[in-house]
């Protein structure tokens with residue numbers, strides 16, 4: 001079989017997997033929206049509306065149709081990027097998502113930079129000092145990251161670093177005095193402030209960002225350091241490491257240029273999936289810190305029975321996770337020649 005045919009078949013299988021996965025996400029999201037004991041009609045008209053008004057709105061929303069017809073309408077609208085209007089904000093849900101997602105993106109990106117930036121060196125250090133004090137310290141640090149509830153740690157961090165020491169900014173993304181001093185371009189405050197040369201706004205935005213980002217970074221660091229340690233222990237036991245030591249290569253070169261380089265193949269996947277987890281799983285952090293991101297938007301929508309917003313946000317989060325999973329798979333194939341199509 002020609003190599004080009006193999007590539008086409010591989011790409012075809014890849015696209016089929018994407019289609020089936022996304023269709024499954026839409027189906028699950030649709031079912032959840034119908035199973036949850038919240039009537040979207042009552043969320044619009046109120047629970048004291050006359051019966052004829054409820055019936056009319058139900059018909060206008062298409063909820064009186066058979067379930068398979070509702071799902072077909074749902075698919076056609078989602079394919080056009082139409083998630084309906086939010087009951088809470090009265091704006092299109094997609095517009096709300098475009099407004100809130102940059103805040104989540106900024107928070108998660110800073111979190112993964114902190115998590116990977118500290119987690120990888122700590123994992124390497126623990127593997128090299130296996131069984132020693134450094135190894136035990138890193139493992140305990142990771143265990144705490146898994147065990148301590150993030151909402152409690154966030155509240156304690158606010159009390160200490162904001163209320164007591166005044167080292168960082170408080171809840172929100174900016175102090176009130178800077179709220180209207182910057183015209184948003186990308187929605188990412190640090191980038192917008194730097195592009196506009198508003199360094200006072202930049203410093204203020206950073207002071208608000210660093211604490212919640214550090215908490216998210218700590219929790220991702222716990223996972224990344226543990227996985228790095230595991231991968232490095234496996235690589236340090238390989239024959240090529242023994243051969244490199246026999247040739248007289250320095251331990252630093254063996255660890256950082258050879259063992260870590262090979263460990264980075266699966267580690268890239270771990271970091272990518274950790275990033276996806278931060279993008280979709282920072283709801284509690286955004287709630288504690290009043291961070292106006294997608295997680296807080298979905299939480300507020302759920303509390304107000306705004307199902308269009310909840311389902312739209314869920315689809316976007318799921319799509320991001322699917323996309324980053326596929327990216328992790330592509331990176332793994334690119335870094336490891338053994339997984340490529342022959």
(request) Please find, among 93, 57, the residue that is modelled with pLDDT under 80 and surrounded by 15 or more Cβ atoms within 10 Å (Cβ to Cβ). (result) 57
(message) Every residue in the stretch 118-131 that is without any contact (Cβ under 8 Å) to a residue 60 or more places away in the chain and either in contact with a helix residue (DSSP H, G or I) (Cβ under 9 Å, 6 or more places away or on another chain) or outside any loop (DSSP other than H, G, I, E, B) (or both), please.
(response) 121, 125, 129
(request) Mind telling me which of the residues 138, 148 ends up being surrounded by 19 or more Cβ atoms within 10 Å (Cβ to Cβ) and either modelled with pLDDT of 90 or more or assigned by TED's automatic domain parsing to the domain that holds residue 216 (or both)? (result) 138
(message) For the list (1) outside any helix (DSSP H, G or I); (2) modelled with pLDDT of 75 or more; (3) surrounded by 14 or more Cβ atoms within 10 Å (Cβ to Cβ), I need the number of the one condition that residue 81 fails.
(response) (3)
(request) Go through the stretch 145-181 residue by residue and tally those that are within 26 Å of the chain's Cα centre (by Cα) and in a loop (DSSP other than H, G, I, E, B). (result) 11
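For residue 222, state whether it is within 23 Å of the chain's Cα centre (by Cα), assigned to a helix (DSSP H, G or I) and surrounded by 14 or more Cβ atoms within 10 Å (Cβ to Cβ).
Working: within 23 Å of the chain's Cα centre (by Cα): yes; assigned to a helix (DSSP H, G or I): yes; surrounded by 14 or more Cβ atoms within 10 Å (Cβ to Cβ): yes.
Criteria met by residue 222.
Let's see how each residue does on (1) surrounded by fewer than 22 Cβ atoms within 10 Å (Cβ to Cβ); (2) at pLDDT 80 or above; (3) not assigned by TED's automatic domain parsing to the domain that holds residue 170:
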{"site": "293", "(1), (2), (3)": "no, yes, no"}
{"site": "306", "(1), (2), (3)": "no, no, no"}
{"site": "310", "(1), (2), (3)": "no, yes, no"}
{"site": "317", "(1), (2), (3)": "no, yes, no"}
{"site": "323", "(1), (2), (3)": "yes, yes, no"}
{"site": "335", "(1), (2), (3)": "yes, no, no"}
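The values are calculated or read from the model by the stated rules, or taken from the named source; none is laboratory data. Just so it is clear, the model here is predicted, and its values are computed rather than measured. Positions of Cβ are backbone-derived with ideal geometry, glycine not excepted, and every protein chain shown enters the neighbour counts.
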